[in-house]
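The values are calculated or read from the model by the stated rules, or taken from the named source; none is laboratory data. Since the structure is predicted, the reported quantities are computational estimates derived from the model, not experimental observations. Neighbour counts run over all protein chains shown; Cβ positions are idealised from the backbone, glycine included. Just so you know, the surface numbers come from the protein's heavy atoms only, side chains and all, with ligands and any DNA or RNA stripped out. Shrake-Rupley method; radii C 1.70, N 1.55, O 1.52, S 1.80 Å.
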Amino acid sequence: MRRFSSFVLILLVLVVCVGFLRGWFSVSSNKELLGDNVDVRLKMDSGKMKQDANAVEQKTKELFQSP
């Protein structure tokens with residue numbers, strides 16, 4: 001069970017790293033001028049994720065259809 005948990009954790013970290021590199025996720029922050037509060041936002045671009053997934057699907061189809 002420990003190996004499976006480690007595998008899932010490594011896979012999750014890998015997906016997050018690739019996601020930031022490919023532009024699927026972005027983080028931004030704003031600090032209030034009069035207070036000590038910091039607003040941190042995590043944005044996810046699902047359109048970019050779908051576009052990349054479709055590109056991978058097309059490349060895979062081309063790879064396996066070649067004679």
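Below 27 Å Cα-Cα, how many Lys pairs turn up in the chain? Only count pairs eight or more apart in sequence, or on different chains, if you could.
Numbers: Lys31/Lys43; Lys48/Lys59; Lys48/Lys61; Lys50/Lys59; Lys50/Lys61.
Lysine pair count for the chain: 5.
Note on Val27 and Glu57: their simple-model spin labels are 3.1 nm apart, each label 7 Å out from Cα toward Cβ. Principal-axis analysis of the Cα atoms of the chain puts helix 46-65 at an angle of about 20° to the longest axis.
For segment 5-47, which whole percent of the accessible surface, found with a 1.4 angstrom probe, sits on carbon and sulfur atoms? Carbon plus sulfur share of accessible area: 66 percent. Seen against the Cα atoms of the chain and their longest principal axis, helix 2-22 is set at about 80 degrees. Note: relative contact order over the chain, using C-alpha pairs below 8 Å and six or more positions apart, is 21 percent. Eigen-decomposition of the gyration tensor built on the alpha-carbon atoms of the chain gives equivalent ellipsoid semi-axes of 35, 20, 7 angstrom, largest listed first.
Mean residue ellipticity at 222 nm, helices only, the chain: -21000 deg cm²/dmol; runs of at least 4 DSSP H residues each add -39,500 (n - 2.57), and the sum is divided by the number of residues.
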